[in-house]
Amino acid sequence: MSRRQIRSLLAVSAAAALAVGLVIGGGSAANAGTTLGASAAEKGRYFGAAISAGKLGDNTYATILNREFNSVTPENEMKWDATEPQQGNFSFGNADRIVNHARSHGMLVRGHTLLWHSQQPGWAQNLSGSALRNAMNNHVTQVATYYRGKIHTWDVVNEAFADGGSGGRRDSNLQRTGNDWIEVAFRLARSADPNAKLCYNDYNTDGINAKSTGIYNMVRDFKSRGVPIDCVGFQSHLTNSAPSDYQANLQRFADLGVDVQITELDISGSSQANAYAAVTRACMAVSRCNGITVWGIRDSDSWRTGQNPLLFDGSGNKKAAYDAVLNALNAGTGTGTPPPSTPPPSGSGGCTAAVSLNQWNGGFVATVRITAGSSSINGWRVTTTLPSGATVTGSWNANRTGTSGSVGWTNVDYNGAIAAGQSTEFGFQATGTGSGIVAGCTPA
C-alpha cells in the first residue's frame, strides 16, 4: 500500500522565498499561485506526487506532473525488492529515471522507503537474526549513500507499528532482529546522507489514537537520546473526512521538535473536496508541516481502484478537490520550515582525520572527517587502526586497502582537493566494536 538539497528552478515570489531561505522548483512567476507546486512554494512548502517510472512516457501524466508538482516520491522504485533484488547486487535504473526527471525539472525527491516489512526481496524474507540485521544495515547504508545529496527526505522506516489498541510494534522479521532496529536504521541513514531529512512513516495515525501515540512516544524517546530523527510522515489514506483532531495531532509531533509531512494523501467519498481542503489547511496551520504528497496523479493511477481518490480524473481533468486544495494553499499564511542546506564541496599542506561512530551490538559505522591544515591539499591518505576483531564490510567515498587491523584509505576522484581549513568525509561499516579506532592523515 505504502509506497539535499532542493535544486531550485522556480522563479516565483523571490522576495518571499528569500525570507524563508528556500526556493522550490516547479513553476514560474507567471503561474505563481495557479498550480499546486507554485502555490505551496510561495509558503515555503512543497506539493508532491507519488509517481511511477513506467508512466513517465505517458504524455498526459508527464504534463500534469511537470506543471503541477514540485516534489516526487517513487511509488515502488526505491523499495528493497526493487533496489537490491539479489543480496549485495543493487539495481537503481528505474529509481534513477525518477530522480533524474525530478532534478531536471527542479523538483525535490522524497526517498521511499529504506526499510519496510513488506515488498522485501525473497532472499531477505528467508533471512533472520543477525544475518537479516546485517543485511538491513548494509541496505540502508548502500542505498542512502548512492543517493547522497539527491534526496530531500528519506522515509527511513515504514509502517513498523501495529494496528489496534496496543500502540506497540508490529511483529515482523525486522522487529524480530531486536527492538533497536529502527534506531540503528536512523543512525546509519544519517551517516550515509547527513543532510537529508530522516522520517518515520505510517498509516492510520492521522488522529490521536493508540497507534499514533505509540509512535509519538518513540519519537519523544529518540529526541531525548539524540537519535537522528527529523520528521514524521502521515500517510492519510482517508474516506470522506480527516479526523477532527488531525491538526492537533500534527502539532503535537511538531512540538517534539520534528517536522511533519503528509506523505501519501488520497481521499475517497462524496465529501472529497471538503476533506482535501481540511487536510491542506491543517498542514498550512502547522509551521513545521513541510508539505503534502498525493499518492498518484490521476484516479486511474491510484492503488485504490474504483474509489477515485485523487485530484485529477482518469482523463487528466482537474476535479473539485483540486480547486479546493489550490484555494486552501493560496489562503494559507506563514511559511514552512526550510530544509537543511549543504555547503558546496571545497578543492598542498597537512591534514588531520577525526572519527565518529554509530555503534550497535555486533557492528558499527565510522565516519572519518578529513580536514586540511593551513594550506590546501590535492589528495589524501588515511590509515585507520581498527580494534581486534573488527572487520570492514563496506565503505563509501574512499578507496580501501585491507579489511582489518591497519586499513588504508585514499581519496576518490571527487574528494581529494580540500581547501585550507575545509573538510571532506568518507565512511565505512564494520562488524565488531569500533571503540578505540586510531586514524592518521597525510597529503597524497
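The values are calculated or read from the model by the stated rules, or taken from the named source; none is laboratory data. As the structure is a prediction and not an experimental result, all values here were calculated from the model. Every residue, glycine as well, gets a Cβ built from its backbone with ideal geometry; the counts of neighbours run over all protein chains shown. Ligands, DNA and RNA are stripped out before the accessible areas are found, and what is left, the full protein with its side chains, is counted by its heavy atoms. Shrake-Rupley method; radii C 1.70, N 1.55, O 1.52, S 1.80 Å.
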- request: Please tell me if residue 210 is under 16 Å from the mean Cα position of the chain (by Cα) and not basic (Lys, Arg).
  value: no
query: For region 297-311, does any single residue satisfy the condition of being touching a helix residue (DSSP H, G or I) at 6+ places or on another chain (Cβ under 7 Å), assigned to a loop (DSSP other than H, G, I, E, B) and under 22 Å from residue 152 (Cα atoms)?
result: yes
- prompt: In region 412-421, which residue that is more than 27 Å from the chain's Cα centre (by Cα) and open to solvent by 10 Å² or more (accessible area, probe 1.4 Å) is farthest from residue 379 (Cα to Cα)?
  reply: 421
Which listed residue is more than 24 Å from residue 332 (Cβ to Cβ) and either open to solvent by less than 50 Å² (accessible area, probe 1.4 Å) or of a type in the set (D, E, K, R) (or both), from 281, 252, 220, 288: 220
- prompt: Here are 148, 170, 176: which of them is in the same structural domain as residue 225 (by the TED database), in contact with a helix residue (DSSP H, G or I) (Cβ under 7 Å, 6 or more places away or on another chain), open to solvent by 10 Å² or more (accessible area, probe 1.4 Å) and of a type outside the set (A, V, I, L, M)?
  reply: 148
- request: Inspect region 130-142 for any residue being more than 25 Å from residue 302 (Cα to Cα), assigned by the TED database to the domain that holds residue 195 and among the β-branched types (Val, Ile, Thr) and give the result as yes or no.
  value: yes
query: Residue check: is residue 267 outside the structural domain of residue 357 (by the TED database), in contact with a Pro (Cβ under 7 Å, 6 or more places away or on another chain) and not basic (Lys, Arg)?
result: yes
- request: Could you please tell me which pairs satisfy a Cβ distance under 9 Å, a separation of 6+ or placement on different chains, a first residue in region 73-89 that is more than 15 Å from residue 114 (Cβ to Cβ), and a second residue that is of a type in the set (Ser, Thr, Tyr)?
  value: 75/52; 85/91
Matching residues in region 94-114 - criterion: being in contact with a Leu (Cβ under 8 Å, 6 or more places away or on another chain) and either open to solvent by 10 Å² or more (accessible area, probe 1.4 Å) or more than 15 Å from residue 153 (Cβ to Cβ) (or both): 97, 101, 105, 106
Flag if residue 87 is surrounded by fewer than 22 Cβ atoms within 10 Å (Cβ to Cβ) and either over 23 Å from residue 148 (Cα atoms) or outside the structural domain of residue 44 (by the TED database) (or both): no
message: Anything in region 153-167 that is modelled with pLDDT of 95 or more and either of a type outside the set (Phe, Trp, Tyr) or outside the structural domain of residue 98 (by the TED database) (or both)? List them, or say none.
response: 153, 155, 156, 157, 158, 159, 160, 162
task: Being closer than 11 Å to residue 437 by Cα and not in a strand (DSSP E or B) is the filter; apply it to region 361-393 and report the residue that is most open to solvent (accessible area, probe 1.4 Å).
output: 388
